[in-house]
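S.K.: Input: one structure, supplied below.
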Amino acid sequence: MLPLLTIPSILRAAEPDLSALSDITTATAPIGEAERRARIARAQRLMKANGIGAVLIEAGSSLIYFTGVRWGRSERLTAAVLPVEGDPCIVTPFFEEPSVRQTLGVPADVRVWQEDEDPLAVVAGFLKDRKLAGGAIGIEETVRYFAVNGLARVLPEARLVSANPVVRGCRMIKTAPEIALMQTATDVTIAAYRWTWPRIEKGMTPSDIGALMNAATRKLGGDPEFALILIGEAAAYPHGSRAPQRVADGQIVLMDCGCTVQGYQSDVSRTFVFGAASAEQRKVWKDVHDGQAAGFAAARIGVPAGSVDDAVRRHYEALGYGPRYRLPGLSHRTGHGIGLDGHEPVNLVHGEQTLLAPGMCFSDEPGLYLPGKFGVRIEDCFHMTETGPKWFSQPPASLDAPFG
């Protein structure tokens with residue numbers, strides 16, 4: 001048995017040495033009241049344009065976006081109602097009000113309900129007070145059925161409609177402060193990758209590598225969101241395998257990692273080979289690199305989002321992959337929207353008709369997957385500017401220098 005006093009030193013030795021890293025997020029500014037007031041004003045303009053009198057939003061990222069309130073969902077409803085004019089209303093349990101107010105970032109009418117009361121009746125009361133109960137009420141797309149059904153029951157005269165024209169119309173178009181936070185989150189992830197990569201050793205498991213990546217991310221000032229590590233054949237399955245995996249010579253290592261800074265997300269994937277790469281691994285990596293470039297080149301202001309996915313698939317099919325989602329090939333969409341949520345509308349997928357516009361943000365990750373062998377994914381996010389797409393992170397130039 002080891003002496004008790006030696007145990008802490010062993011634990012310290014097992015921890016990674018992060019002394020070379022420092023917080024790179026100290027200059028970031030959180031989203032403030034003025035920004036949220038501007039979001040509400042834009043939502044109200046969109047409500048008027050679409051004939052919607054109010055929008056119901058449950059706890060979650062849209063509630064944060066408009067009001068700043070950070071709250072988890074439970075059986076007890078906490079929600080916001082955005083009226084077409086005036087300040088929003090926050091509806092929450094009586095005993096939760098002090099906690100809810102701690103993150104409330106805009107002026108609001110806070111109304112509470114007791115445990116033996118119906119929270120949807122409180123929502124209805126606000127709408128009646130604002131003379132909005134008889135018109136169209138927009139429902140944010142993630143609101144749960146019990147809330148929608150409850151509102152329909154207490155306001156039978158109201159017309160419940162989709163709030164997508166309003167909520168998506170705001171959230172899909174990122175402002176400069178949002179873009180800045182997403183850029184910082186991406187900078188953290190790239191820096192964490194560069195620190196982690198040379199520390200990967202033979203025999204490591206995905207959890208070993210993920211622990212290094214997350215530790216570096218925290219030291220750099222980000223909040224780790226996910227660290228998916230796929231080794232060897234597991235990389236042929238986009239979201240992984242439960243089969244045991246360890247780093248070995250000549251094996252693909254696929255890392256898909258992201259973090260948040262002030263709530264805004266990064267999402268970056270890199271694929272490399274531990275040791276010497278085979279000719280096949282090099283070819284597939286280059287095919288993915290070129291496929292990602294084809295998607296980026298197709299992202300132009302005013303084109304349908306689905307046309308980006310179409311351009312990638314045309315490129316891959318010309319190389320003999322597919323067709324469409326058939327393997328070996330690209331078995332998932334080319335990319336997804338990103339912002340406060342890691343995945344948010346709209347997607348870069350065949351058939352999506354939403355037109356690309358300045359401020360939209362997407363991942364570009366058209367991986368190639370060879371069942372029984374390996375997979376390769378290179379993922380970087382971009383945002384649309386007036387003149388076209390701009391990378392948050394620069395794609396790698398080669399398999400041998402995956403992190404620049």
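S.K.: Just to be sure I understand, how many residues within region 187-240 are surrounded by fewer than 21 Cβ atoms within 10 Å (Cβ to Cβ), small (Gly, Ala, Ser) and under 19 Å from residue 365 (Cα atoms)?
M.R.: Result for region 187-240: 1.
S.K.: So, in region 130-179, exactly how many residues are under 21 Å from residue 36 (Cα atoms) and assigned to a helix (DSSP H, G or I)?
M.R.: Going through region 130-179 one residue at a time, the tally reaches 12.
S.K.: Can you tell me which residue in region 151-161 is nearest to the chain's Cα centre (by Cα), limited to those that are more than 10 Å from residue 52 (Cβ to Cβ) and without any contact (Cβ under 8 Å) to a residue 60 or more places away in the chain?
M.R.: Result: 160.
S.K.: Quick check on my filter: what residues within region 257-302 are closer than 30 Å to residue 68 by Cβ and part of a strand (DSSP E or B)?
M.R.: Those that are closer than 30 Å to residue 68 by Cβ and part of a strand (DSSP E or B): 257, 258, 259, 260, 261, 264, 265, 268.
S.K.: Among 220, 230, which is the only one that is within 30 Å of residue 32 (Cβ to Cβ) and either touching a helix residue (DSSP H, G or I) at 6+ places or on another chain (Cβ under 8 Å) or assigned by TED's automatic domain parsing to the domain that holds residue 329 (or both)?
M.R.: Only one candidate qualifies: 220.
S.K.: Could we say that residue 264 is of a type outside the set (Asp, Glu), in the same structural domain as residue 370 (by TED's automatic domain parsing) and crowded, with 24+ Cβ neighbours inside 10 Å here?
M.R.: So residue 264 passes the test.
S.K.: Are any residues in region 241-261 touching a Leu at 6+ places or on another chain (Cβ under 6 Å) and either surrounded by fewer than 24 Cβ atoms within 10 Å (Cβ to Cβ) or without any contact (Cβ under 8 Å) to a residue 24 or more places away in the chain (or both), and if so, which ones?
M.R.: 256
S.K.: Check whether at least one residue in region 12-33 is touching a helix residue (DSSP H, G or I) at 6+ places or on another chain (Cβ under 7 Å), at pLDDT 95 or above and not in a loop (DSSP other than H, G, I, E, B), and report yes or no.
M.R.: no
S.K.: Looking at region 317-327, is at least one residue part of a loop (DSSP other than H, G, I, E, B), assigned by TED's automatic domain parsing to the domain that holds residue 196, more than 30 Å from residue 63 (Cβ to Cβ) and in contact (Cβ under 8 Å) with a residue 40 or more places away in the chain?
M.R.: Within region 317-327, one or more residues are part of a loop (DSSP other than H, G, I, E, B), assigned by TED's automatic domain parsing to the domain that holds residue 196, more than 30 Å from residue 63 (Cβ to Cβ) and in contact (Cβ under 8 Å) with a residue 40 or more places away in the chain.
S.K.: Could I ask something else about it? Within region 82-100, is even one residue within 24 Å of residue 182 (Cα to Cα), in contact with a helix residue (DSSP H, G or I) (Cβ under 6 Å, 6 or more places away or on another chain) and either in the same structural domain as residue 210 (by TED's automatic domain parsing) or at pLDDT 95 or above (or both)?
M.R.: No, there is no match, as no residue in region 82-100 is within 24 Å of residue 182 (Cα to Cα), in contact with a helix residue (DSSP H, G or I) (Cβ under 6 Å, 6 or more places away or on another chain) and either in the same structural domain as residue 210 (by TED's automatic domain parsing) or at pLDDT 95 or above (or both).
S.K.: Hey, another quick one. Just to be sure I understand the filter: pairs with C-beta atoms under 7 Å, separated by 6 or more residues or on different chains, first member in region 65-80 and on the phi > 0 side of the Ramachandran plot, second member of a type in the set (D, E, K, R) and surrounded by fewer than 23 Cβ atoms within 10 Å (Cβ to Cβ). Which pairs pass?
M.R.: Every condition considered, the pairs that remain are 68/36.
S.K.: Checking residue 403 against (1) buried (at least 21 other Cβ atoms within 10 Å of the Cβ); (2) aromatic (Phe, Trp, Tyr); (3) not in a strand (DSSP E or B), which test does it fail?
M.R.: It fails just one condition, (1).
S.K.: Just give me the residues in region 355-400 being within 19 Å of the chain's Cα centre (by Cα), hydroxyl-bearing (Ser, Thr, Tyr) and surrounded by fewer than 24 Cβ atoms within 10 Å (Cβ to Cβ), in sequence order.
M.R.: Selection gives 393 alone.
S.K.: Checking residue 103 against (1) in contact with a Gly (Cβ under 6 Å, 6 or more places away or on another chain); (2) of a type in the set (Ser, Thr, Tyr); (3) over 26 Å from residue 186 (Cβ atoms), which single condition isn't satisfied?
M.R.: So the condition that residue 103 fails would be (3).
S.K.: How about region 208-240: which of its residues are among the hydrophobic types (A, V, I, L, M, F, W, C), outside any loop (DSSP other than H, G, I, E, B), in contact with a Leu (Cβ under 7 Å, 6 or more places away or on another chain) and over 24 Å from residue 371 (Cα atoms)?
M.R.: 215, 216
S.K.: If we keep just the residues of region 88-129 that are β-branched (Val, Ile, Thr) and part of a loop (DSSP other than H, G, I, E, B), which is surrounded by the most Cβ atoms within 10 Å (Cβ to Cβ)?
M.R.: Per the criteria, the residue is 106.
S.K.: Right, next: Considering region 63-79 alone, what residues qualify as being closer than 14 Å to residue 96 by Cβ and not in a loop (DSSP other than H, G, I, E, B)?
M.R.: If the condition is that a residue be closer than 14 Å to residue 96 by Cβ and not in a loop (DSSP other than H, G, I, E, B), then 63, 79 are the ones that fit.
S.K.: If you check 81, 91, 122, which single one turns out to be out of contact with any Leu (no Cβ under 8 Å at 6 or more places or on another chain) and under 19 Å from residue 151 (Cβ atoms)?
M.R.: Unique residue meeting the criteria: 122.
S.K.: So for region 313-331 (the condition being closer than 29 Å to residue 223 by Cβ, more than 15 Å from the chain's Cα centre (by Cα) and surrounded by fewer than 18 Cβ atoms within 10 Å (Cβ to Cβ)), does at least one residue qualify?
M.R.: No, because not a single residue in region 313-331 is closer than 29 Å to residue 223 by Cβ, more than 15 Å from the chain's Cα centre (by Cα) and surrounded by fewer than 18 Cβ atoms within 10 Å (Cβ to Cβ).
S.K.: Being within 21 Å of residue 399 (Cα to Cα) and within 22 Å of the chain's Cα centre (by Cα) narrows it down to one residue among 235, 211, 216, 248; which is it?
M.R.: It is 235.
The values are calculated or read from the model by the stated rules, or taken from the named source; none is laboratory data. In this text, all values refer to a predicted model and were calculated from it rather than measured experimentally. Using ideal geometry, Cβ is built from the backbone for each residue, glycine included, and neighbour counts are taken over all protein chains shown.
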